[in-house]
1. For residues that are surrounded by 10 or more Cβ atoms within 10 Å (Cβ to Cβ) and within 13 Å of the chain's Cα centre (by Cα), scanning just the stretch 12-38, find the one that is modelled with the highest pLDDT.
2. Inside the stretch 1-11, can you point out the residues that are surrounded by 12 or more Cβ atoms within 10 Å (Cβ to Cβ) and either outside any helix (DSSP H, G or I) or touching a helix residue (DSSP H, G or I) at 6+ places or on another chain (Cβ under 7 Å) (or both)?
């Protein structure tokens, strides 16, 4: 996603409104976003990914799910 589009999306999420291209009035929206970040630590952001700053408004609830290889095995019968 381009930086210009990221800015527009984050502004719409923050203000809960947007205006269509060529539109004359704002449209109110109620949105929820579920996202995923592939980095394993805060400092490990690959080049070309969203920088940490724009992610702050999205970082409301963080759910850490360990990889399958790190989860305990359970027997199913």
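The values are calculated or read from the model by the stated rules, or taken from the named source; none is laboratory data. This structure is a prediction, so every number in the text was calculated from the model and none was measured. No Cβ is skipped: glycine too gets one built from the backbone with ideal geometry, and neighbour counts run over all protein chains shown.
1. So the first thing to find is which residues in the stretch 12-38 are surrounded by 10 or more Cβ atoms within 10 Å (Cβ to Cβ), and the list is 12-13, 15-19, 26-27, 29, 37.
Imposing the further condition that a residue be within 13 Å of the chain's Cα centre (by Cα) reduces the set to 13, 37.
Numbers: 13: 84, 37: 64.
Among those that are surrounded by 10 or more Cβ atoms within 10 Å (Cβ to Cβ) and within 13 Å of the chain's Cα centre (by Cα), it is 13.
2. 6, 10
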